[in-house]
1. Given an 8 Å cut-off on Cα distances and at least 6 residues of separation, report the relative contact order of segment 23-124 as a percent.
2. Mind jotting down a quarter of the surface of the convex hull over the alpha carbons of segment 30-113, in square nanometres, one decimal?
3. For a quick check: with amide H placed at 1.01 Å from N, whose amide H comes under 5 Å from Thr75's, ignoring anything fewer than 5 positions away on the same chain?
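Read-outs throughout are calculated quantities, based only on the coordinates presented, and are distinct from any laboratory measurement. Values in this document were obtained by computation on a predicted structure and should not be read as measured data.
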Amino acid sequence: MSPTDTDVSDVSGDPPSDMDWEHVQESAEFRQLRGRLRRFVFPMAALFLAWYLLYVLLADYAHGFMSTKIAGNFTVGLLFGLLQFVSTFLITWLYVRYANRKLDPLSERIREDIENPAAAKESE
């Protein structure tokens, strides 16, 4: 093979230039990957935005409730504010766990099919 030929196993990490990306995007595995991602991301984003909107609305319209002292000068508003950070880290942890179990194995198969199309055709 000459240096100008496209080699799928090129160590540069670049995808093959002659790849039919529309075919990959229309494949059942890619649609499944996109569906799995959306089933996690959209509900989680909606849940977090609702939680954040609740915090903002309470801070603006429920001053008495948000200024209720829990311990010393620690108020409900401070607790809710800190819980925003906690929920962000929780969502990140949940996503990493979900991706490791549901997304990464499927994306690895898709990548292998792209990098080694001959092996993908043999397994069909």
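1. Details: 41 pairs, mean separation 30.6, N = 102.
Contact order relative to length: 30 percent.
2. Details: hull surface 26.0 nm².
So the mean shadow area of the Cα hull is 6.5 nm².
3. Ile70
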